[in-house]
Amino acid sequence: MCGIVGAVAERNIANILLEGLKRLEYRGYDSAGLTVIRDGELHRERQVGKVQALVDAVAVNPEFFDGHIGIAHTRWATHGEPAQRNAHPHVSGKIAVVHNGIVENYAELKEALIAKGYVFTSQTDTEVVAHLINDIYKTTPDLLEAVRTVIPLLHGAFALGIIHIDCPEELITVRLGSPLVIGVGIGENFIASDQLALLPVTNRFMYLEEGDIAKLTRNSIRVYADGIEVTRQIHEIDATQHNADKGEFKHYMLKEIYEQPDAVARTIEMGIDKSETAKLRNDFLQRHETQLSGIRHVQVLACGTSYHSGLVAKYWFESLTRIPCSVEVASEFRYRNPVVVDNSLVICISQSGETADTLSALRDIQKHTPAGLVSLALCNVPTSSLVRETDIFLPTLAGPEIGVASTKAFTTQLAALMLLVMKVGVIQQRMTNDYVSTLIGELQLLPGQLHASLNLDTPIKTMSESFEDKRSCLFLGRGLQFPIALEGALKLKEISYIHAEGYAAGELKHGPLALVDKDMPIVVLAPKDSMFDKLKANMQEVHARHGELFVFASESSQMIAEDRLHVVYVPDVCETLAPIVYSVPVQLLSYHVAVMRGTDVDQPRNLAKSVTVE
């Protein structure tokens, strides 16, 4: 959600801060700001809207921001409307603070501070933090100690960046339930919510752990846990693997849609032996075989698009291995006193690995420690909190995904989940070698089938013209295509702002059929699979009521377009893996509808890429 960037350096840092904010735009935000210490003063600029508005404002008086220490922020509103007064950094006396997350007890803290005479100029919980640190600093004139004293007073999950006029060489940062990384330089050090923000200035990073407080100067980084100085490892990354340019594409989302054949191929290759005998690689999850051999139940926790990939995994686990699988929205799971059975594999799915609800649900389960519990992170960021807090890490090799609407992260999640299902099936002897070999052969065809799906761009763009002025839409699927119907509806509503719902086609008669008329487009996912004949009957129900059908059908289905029935033919693919291939057409449809309607495709209103608050 919000983004933090901070720097302390020998060189001027305003451009570093602004470039960092630009690289965090994908996270979603509604305002931006920065504060730099120069000549013993805090120089602050805040703007509502895009980071470019902040860049333009700073350019009016650039000399004010020629400093060597500063903090910057993109805000996604939680407490208080998007407005300049609510934008960060927030200032109290000589202190400036940027903050990601939520302070749950801010109201009572605010009341106590007002009683002491502090005046609030914003509606945010962050201003409480600034005033508290200022208040403590008056009696404890040590910035690090003042911050340490304040942290136990704050209830919630957050990350902080703090500077003080009296300490012009010190940048204090805190990580407690919200992601934060330190960038390590030579004669300069940095902080950010995501290492992507700092790649132009360093490729060496230190990942703070829960509860860490750090003090950065130009030439030192000191990290403390529970008041004791600790050492955190420095990791060097290959910056070439983090290319975040749009290249020739108009939007990141379109670029990422077109990157799916390669991303899925990379993900598949981590688990498949390329020798003539198709089999899983011996080293794929090899050191976790003992843990996986004992699981008798699978529990998937996820949010949004990741939840939909979990629903596909449920079909796969139960139909291919006969291991029962439950899939739940993480934000609901943790509040209903759930039962987690012994010998469960808990799969936490998150593109960023920082999704607050998923992390919280995992931690709740771990507190109860059911016998034989094994936790697994399915994630695109190897250095994330989720990866550090689980027993097993299964990566999705999607590369950076900048568009808020997930595309390649989703299909690589599905590819990785299929590898996991096969691994468990082989270890527990629930799948025959012949069937595994057949599935591997089908997996190896996937990149080519995804390429063929991308060739449908032109007819899908033509189809999208029928959606431009629509207000609502239904997506229908059966079996393995039901989760893809849910995902298609989510994509359309996210980026085109058209209300859309996904339904199991068999549920039409139980309510949604009442909505069908000539103004309600119905998107149908219709591979020629075991449910195809049933699905055709559902389509007839819609057609008989003058509904307009937009069908993605297998080439072999021989479905013929007619009045109010539009067909785009998708390459034939085996039923088990069809969800991966059918994801591409619904992504392209949503993209073209959004472009036609003139919405912000990569940064849709009110949404954030990384949801780091509950």
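Hey, any hits in segment 170-183 for a residue that's farther than 15 Å from Gly211 by Cα and either modelled with pLDDT under 95 or surrounded by fewer than 24 Cβ atoms within 10 Å (Cβ to Cβ) (or both)?
Within segment 170-183, one or more residues are farther than 15 Å from Gly211 by Cα and either modelled with pLDDT under 95 or surrounded by fewer than 24 Cβ atoms within 10 Å (Cβ to Cβ) (or both).
When restricted to residues that are under 21 Å from Ser466 (Cα atoms) and polar (S, T, N, Q), segment 506-546 contains 1. You will find that of Gly372, Gly353, the residue that is surrounded by 19 or more Cβ atoms within 10 Å (Cβ to Cβ), at positive phi and in contact (Cβ under 8 Å) with a residue 12 or more places away in the chain is Gly353 and no other. Just give me the residues in segment 45-67 being within 33 Å of the chain's Cα centre (by Cα), more than 17 Å from Gly28 (Cα to Cα) and either surrounded by 19 or more Cβ atoms within 10 Å (Cβ to Cβ) or among the aliphatic types (A, V, I, L, M) (or both), in sequence order. Residues satisfying the conditions are Glu45, Val55, Ala57, Val58, Ala59, Phe65. Scanning segment 396-435 for residues that are part of a helix (DSSP H, G or I) and β-branched (Val, Ile, Thr) yields a count of 6.
How many residues does segment 69-104 contain that are outside any strand (DSSP E or B), more than 29 Å from Ala9 (Cβ to Cβ) and out of contact with any helix residue (DSSP H, G or I) (no Cβ under 8 Å at 6 or more places or on another chain)? Result for segment 69-104: 6. Within segment 356-370, identify whether any single residue is over 14 Å from the mean Cα position of the chain (by Cα) and part of a loop (DSSP other than H, G, I, E, B), and answer yes or no. Within segment 356-370 (the criterion being over 14 Å from the mean Cα position of the chain (by Cα) and part of a loop (DSSP other than H, G, I, E, B)), the answer is yes, since at least one residue qualifies. I'd like the full set of residues that are in contact with a helix residue (DSSP H, G or I) (Cβ under 8 Å, 6 or more places away or on another chain), modelled with pLDDT under 95 and acidic (Asp, Glu), limited to segment 443-492. Within segment 443-492, Asp457, Glu465, Glu468 meet the criteria. In the set (1) buried (at least 18 other Cβ atoms within 10 Å of the Cβ); (2) under 30 Å from the mean Cα position of the chain (by Cα); (3) within 28 Å of Lys50 (Cα to Cα); (4) of a type outside the set (Phe, Trp, Tyr), Thr78 fails one condition alone, (1). Just one residue in the set Thr74, Thr140 is under 28 Å from Glu19 (Cα atoms) and either of a type in the set (S, T, N, Q) or not assigned by TED's automatic domain parsing to the domain that holds Leu54 (or both); that residue is Thr74. Among residues of segment 221-233 that are in the same structural domain as Thr149 (by TED's automatic domain parsing), those with a beta-carbon under 9 Å from a residue that is hydroxyl-bearing (Ser, Thr, Tyr) and part of a strand (DSSP E or B) at least six positions away or on a different chain give the pairs Val230/Tyr224; Arg232/Tyr207; Gln233/Tyr207. Report yes if some residue within segment 567-588 is outside the structural domain of Gln260 (by TED's automatic domain parsing), hydroxyl-bearing (Ser, Thr, Tyr) and more than 25 Å from Leu417 (Cα to Cα); otherwise report no. Looking through segment 567-588, at least one residue is outside the structural domain of Gln260 (by TED's automatic domain parsing), hydroxyl-bearing (Ser, Thr, Tyr) and more than 25 Å from Leu417 (Cα to Cα).
A quick yes/no check of all residues on (1) within 23 Å of Ala356 (Cα to Cα); (2) not in a loop (DSSP other than H, G, I, E, B):
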residue	(1), (2)
Ala157	yes, yes
Leu160	yes, yes
Arg175	yes, yes
Ala197	yes, yes
Thr202	no, no
Phe205	yes, yes
Glu210	yes, no
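Being part of a loop (DSSP other than H, G, I, E, B) and either exposed (fewer than 14 other Cβ atoms within 10 Å of the Cβ) or touching a residue at least 12 places away in the same chain (Cβ under 8 Å) (or both) is the requirement here; does Val300 meet it? For Val300, the condition - part of a loop (DSSP other than H, G, I, E, B) and either exposed (fewer than 14 other Cβ atoms within 10 Å of the Cβ) or touching a residue at least 12 places away in the same chain (Cβ under 8 Å) (or both) - is not met.
The values are calculated or read from the model by the stated rules, or taken from the named source; none is laboratory data. As the structure is a prediction and not an experimental result, all values here were calculated from the model. Cβ: placed from backbone, ideal geometry, glycine included. Neighbour counts: every protein chain shown.
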